């Protein structure tokens, strides 16, 4: 029987066997409060064991738990385990870490650009969001021509119809790179994380200054590919409803107070700082 088909008690009984799948599933059960009381600390304990045994899904899930807990070292844990998951071939971890650097607290356009490019490579049939964000970065002059991966970004954008990128490539306007920082360098730059096990604590209250709200909400929505309208009194209304729920949940987790209307099947939020 696979681990996800086991009961919580069965998982507990087999956790001593050091099977990464069992450890990961047990961590997820604690994280979701499935069959037991929810405990982030216990979830991390088992997810860490599974991750250290080489389970890429556990690495990514473990990193996910640090996205919004507000602790001082959260960014280190997040960066460490997303890097490990990417090195193990995860298709979704590059975009998640890119969001941290571009939309969250990471504040690094270079790292974000590398990772959005890598995410597009790993998901060539579903890279609309990555292309949209890289396009925005190009238009805002947030990409540096001396980066060794700059030409690859232009090629990706050109393949997806970007006229500026096509023009630059056609006229050979891409200079020789002088900065050799690449994905391999990013992944090898693992943050130092404490070896001691963390105690569970209540999440610190997030504020606008530490969330995606560092930039205007309209800018964040644009980067995420969420279509919306904004009224004169600052009320933002999305053009889609339930189908974008997962993206809206990410915004809600970062402090944006979106509300859903069943009548109109739309999400609304007042564009102001808390």
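Taking 7 Å steps out from each Cα toward its Cβ at residue 230 and residue 12 produces label points 5.1 nm apart. To the nearest ten degrees, helix 20-32 and the longest principal axis of the Cα atoms of the chain are 80 degrees apart. Extension gain for the segment residue 170 to residue 184, taken as residue separation times 0.36 nm less the Cα-Cα distance, is 2.2 nm to one decimal.
Helix 93-102 axis versus longest C-alpha principal axis of the chain: approximately 60°, rounded to the nearest ten.
Expressed in units of 2.2 N^0.38 Å, where N is the residue count, the Cα radius of gyration of the range 3-142 is 1.16. By other beta-carbon atoms within 10 Å, ranking 258, 8, 149 with the fewest at the front produces 8, 258, 149.
From most to least packed by mean Cβ count within 10 Å, the peptides 150-163, 114-127 give 114-127, 150-163. Counting each DSSP H run of 4 or more residues in the chain as -39500 (n - 2.57), what helix-only mean residue ellipticity at 222 nm follows after dividing by all residues, to the nearest 500 deg cm²/dmol? One gets -14500 deg cm²/dmol as the mean residue ellipticity at 222 nm.
Give the angle, between 0 and 90 degrees and rounded to the nearest 10, that separates the Cα long axis of helix 40-52 from the longest principal axis of the Cα atoms of the chain. Roughly 80 degrees, rounded to the nearest 10.
Readers should treat all values here as calculations from the given coordinates under stated rules, not as data from a laboratory. As the structure is a computational prediction, the values presented were derived from the model and not from experiment. Here the Cβ is made from the backbone with ideal geometry for all residues, glycine too, and neighbour counts use every protein chain on show.
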